[in-house]
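Structure first, then comments.
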Amino acid sequence: MLAALTLLLLCQLAGEILVQLLALPVPGPVLGLVLLFAGLAARGRIDAPLRDTANTLLQHLSLLFVPAGAGVMIHAARVADEWLPLTLALLGSTLLSMAVTALCLKFLLRRRNAGSPRP
Amino acid sequence: MNLAPRLGEIWVYLSATPLLGLTLTLLAYQFAFWCYRRSGGSPLANPVAIAVAIVVALLSLTGTPYATYFEGAQFVHFLLGPATVALAVPLYTQLPRLRRMAMPLLVALLAGSLTAAASAVAIGWALGASPESIRSLAPKSVTTPIAMGIAEKIGGLPSLTAVLVVTTGIVGAVAARLLLNALRIDDHAVRGFAVGTAAHGIGTARAFQVSEEAGAFSALAMCLNGVATALLLPLLFRALGP
């Protein structure tokens, strides 16, 4: 557990350092994710402690968004002024992008499966 | 013995430490999660929405500034970084399936990613949102740490983006079942991928509670969308104008 947590932090740290050094446009944790993924793929297997630690963190992923969400307090005035465009933009774009992604993927998978019959 | 002044002193002492903000976050979330369980896992009882409402209500009632609360809550907020890295694990577990579906996944992701940013900006602009709000809206379908970084790069307000990201996630997690059922999407891989593209980590948390498969594809979509949006959005904003 402790070693796995350290590994996650090390990947994040390496990601942050590389982003700063190479002036990359992606945030550090994303590069950290890529580094860990590359490491796992190169090694070809995953240890149980790392899998358990990652699953524990991801199981409570929602919790991690609470502090940022409460930040709505400091933007109360702006949100009150612009509630209509903000609400409709969030609602519209979220539903639209979910529908576009789902339909697009369904169509592409079906077309591919039609081309090559299942074994 | 007079207790009231003592309690006042204790409150003053405690509000200067991170303990209260941290404990409040965990308590509010666990209560919210209990409500979510009690509702039978209904998407309407979104744990993030309930927890945020409790925290905001208590801070407003006690007159505590957000900055004071965040001194404690930052320890939870910080874990978003390692949690983002941890997404490599479910991705790696699904690697064989992902490889077989790589091309369709990438095309669907780009379509969804561009739709999310473009439609948010277009609707906000058409309805007269301010320029900073529009720039803060653009990365709202991407998970918080990534979205805040993008907002900073394209001239939005990172803390406003964080709020818009969380709201987007709640909207996506609440609406996913209804919308995807209406569109007759049965495949859990497709459902998860669409939820992760549109509603990042909060959608992914919801997807993991529905099925492991939906969760893994949602996590994949969330990562890919994070990377794609982080690469594309700053370039688009630079190309499109000041």
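The values are calculated or read from the model by the stated rules, or taken from the named source; none is laboratory data. Since the structure is predicted, the reported quantities are computational estimates derived from the model, not experimental observations. Every residue, glycine among them, receives a Cβ derived from its backbone with ideal geometry; neighbour counts consider all protein chains shown.
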Query raised in the report: So is A:V66 in a helix (DSSP H, G or I), at negative phi, hydrophobic (A, V, I, L, M, F, W, C) and more than 7 Å from chain B (Cβ to nearest Cβ) or not?
Result: no
Query - Selection within region B:25-68 - at the interface with another protein chain (Cβ under 10 Å from one of its Cβ atoms) and not in a helix (DSSP H, G or I) - result: B:N46, B:T64, B:P65
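Yes/no per residue for (1) hydrophobic (A, V, I, L, M, F, W, C); (2) in contact (Cβ under 8 Å) with a residue 40 or more places away in the chain; (3) surrounded by 13 or more Cβ atoms within 10 Å (Cβ to Cβ):
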position	(1), (2), (3)
B:G8	no, no, no
B:A16	yes, no, no
B:L20	yes, yes, yes
B:L24	yes, yes, yes
B:Y29	no, no, yes
B:F33	yes, no, yes
B:L44	yes, yes, no
B:A49	yes, yes, yes
B:V55	yes, no, yes
Query raised in the report: Across region B:59-89, what is the number of residues that are polar (S, T, N, Q) and in contact with a helix residue (DSSP H, G or I) (Cβ under 6 Å, 6 or more places away or on another chain)?
Result: 1
Query raised in the report: In region A:53-64, which residue that is modelled with pLDDT under 90 and hydrophobic (A, V, I, L, M, F, W, C) is surrounded by the most Cβ atoms within 10 Å (Cβ to Cβ)?
Result: A:L61
Report task. Consider only pairs whose beta carbons are under 6 Å apart and that are at least six residues apart or on different chains; among these, list those whose first residue lies in region B:168-180 and is more than 8 Å from chain A (Cβ to nearest Cβ) and whose second residue is among the charged types (D, E, K, R). Result -> B:A173/B:R206
Requested in this report: Mind counting the residues in region A:79-119 that are facing chain B (nearest Cβ under 7 Å), part of a helix (DSSP H, G or I) and at pLDDT 90 or above?
Outcome: 24
Report task. Give just the number: which of (1) buried (at least 24 other Cβ atoms within 10 Å of the Cβ); (2) within 16 Å of the chain's Cα centre (by Cα) does B:V190 not satisfy? Result -> (2)
Query - Residue, nearest to A:S93 (Cα to Cα), within region B:120-148, restricted to residues that are buried (at least 24 other Cβ atoms within 10 Å of the Cβ) and of a type in the set (G, A, S) - result: B:A120
Requested in this report: Select from region A:17-52 the residues that are crowded, with 16+ Cβ neighbours inside 10 Å, in a helix (DSSP H, G or I) and within 7 Å of another protein chain (Cβ to nearest Cβ) and list them in ascending order.
Outcome: A:P29, A:V30, A:G32, A:L33, A:L36, A:F37, A:L40, A:L50, A:R51
